[in-house]
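Comments concern the structure below.
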Amino acid sequence: MVGATVNGTITAGQVTTNEIVSNGSNAQLTLTSSGSGDVKLDSGGDIVLDADGANVTIKDAGTSVLDIANNSGDVELTVSTSDKNFVIKGDDGGSAITALDIDMALAGKATFGGEITTR
């Protein structure tokens with residue numbers, strides 16, 4: 001087994017590894033893509049986000065957009081920006097559709113793109 005311990009920053013064009021571990025009481029692992037490049041997670045299996053803090057936050061330019069939280073087993077999706085909507089979109093036979101638009105500026109008014117069917 002070959003291993004390396006780095007205290008600081010690694011700058012590389014490409015890194016191939018089986019595992020990256022960030023240890024310690026205040027450990028933080030940051031993957032950054034400079035310029036306009038994307039950060040891509042590509043897995044032959046599943047991609048698992050396991051947050052023991054029970055929270056995953058999605059940001060854009062440092063501003064929280066969506067918060068996914070575990071609240072006693074309930075999944076909570078929170079739109080983090082004031083008065084912005086939660087929108088579910090899809091593709092219906094090749095046409096882009098908005099299936100559901102929940103308007104946070106109107107206390108959660110829901111607009112469905114089609115019929116509402118109950119059991």
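The values are calculated or read from the model by the stated rules, or taken from the named source; none is laboratory data. Just so it is clear, the model here is predicted, and its values are computed rather than measured. Don't worry about glycine lacking a Cβ; one is built from the backbone with ideal geometry, like all the others, and counts go over all protein chains shown. Surface areas here come from the heavy atoms of the whole protein model, side chains and all, with no ligands, DNA or RNA. Shrake-Rupley method; radii C 1.70, N 1.55, O 1.52, S 1.80 Å.
Picking from 111, 57, 117, 30, which residue would you name as being open to solvent by 70 Å² or more (accessible area, probe 1.4 Å) and in a strand (DSSP E or B)?
111
Got a number for residues in region 71-108 being in a loop (DSSP other than H, G, I, E, B) and out of contact with any Ser or Thr (no Cβ under 8 Å at 6 or more places or on another chain)?
So the first thing to find is which residues in region 71-108 are in a loop (DSSP other than H, G, I, E, B), and the list is 72-73, 80-85, 93-94, 107-108.
In the following step, the residues that additionally are out of contact with any Ser or Thr (no Cβ under 8 Å at 6 or more places or on another chain) were identified as 72-73, 82-85, 93-94, 107-108.
Here the count works out to 10.
Could you please give the count of residues in region 33-43 that are open to solvent by less than 100 Å² (accessible area, probe 1.4 Å), of a type outside the set (A, V, I, L, M, F, W, C) and on the phi < 0 side of the Ramachandran plot?
Going residue by residue through region 33-43, those that are open to solvent by less than 100 Å² (accessible area, probe 1.4 Å) are 33, 35, 37, 39, 43.
Filter once more, keeping what is of a type outside the set (A, V, I, L, M, F, W, C): 33, 35, 37, 43.
Applying the additional criterion that residues be on the phi < 0 side of the Ramachandran plot yields 33, 37, 43.
Of the residues in region 33-43, 3 are open to solvent by less than 100 Å² (accessible area, probe 1.4 Å), of a type outside the set (A, V, I, L, M, F, W, C) and on the phi < 0 side of the Ramachandran plot.
If you go through region 45-54, how many residues are open to solvent by less than 100 Å² (accessible area, probe 1.4 Å) and touching a strand residue (DSSP E or B) at 6+ places or on another chain (Cβ under 6 Å)?
First, the residues of region 45-54 that are open to solvent by less than 100 Å² (accessible area, probe 1.4 Å): 45, 47, 51, 53-54.
Subset that is touching a strand residue (DSSP E or B) at 6+ places or on another chain (Cβ under 6 Å): 54.
Qualifying residue count for the region: 1.
Give me the pairs, please: first residue somewhere in region 39-68 and closer than 26 Å to residue 104 by Cα, second residue anywhere and of a type in the set (Val, Ile, Thr) and open to solvent by 100 Å² or more (accessible area, probe 1.4 Å), beta-carbon distance under 9 Å, and either six or more positions apart or on two chains.
68/75
Need the failing condition index for residue 21 against (1) open to solvent by 100 Å² or more (accessible area, probe 1.4 Å); (2) of a type in the set (A, V, I, L, M); (3) closer than 30 Å to residue 6 by Cα; (4) over 14 Å from the mean Cα position of the chain (by Cα), just the number.
With respect to (1) open to solvent by 100 Å² or more (accessible area, probe 1.4 Å); (2) of a type in the set (A, V, I, L, M); (3) closer than 30 Å to residue 6 by Cα; (4) over 14 Å from the mean Cα position of the chain (by Cα), residue 21 is out only on (1).
Quick check, is residue 71 closer than 28 Å to residue 21 by Cα, surrounded by 10 or more Cβ atoms within 10 Å (Cβ to Cβ) and not β-branched (Val, Ile, Thr)? Spell out how you get there, then give the answer.
Numbers: closer than 28 Å to residue 21 by Cα: yes; surrounded by 10 or more Cβ atoms within 10 Å (Cβ to Cβ): no; not β-branched (Val, Ile, Thr): yes.
For residue 71, the condition - closer than 28 Å to residue 21 by Cα, surrounded by 10 or more Cβ atoms within 10 Å (Cβ to Cβ) and not β-branched (Val, Ile, Thr) - is not met.
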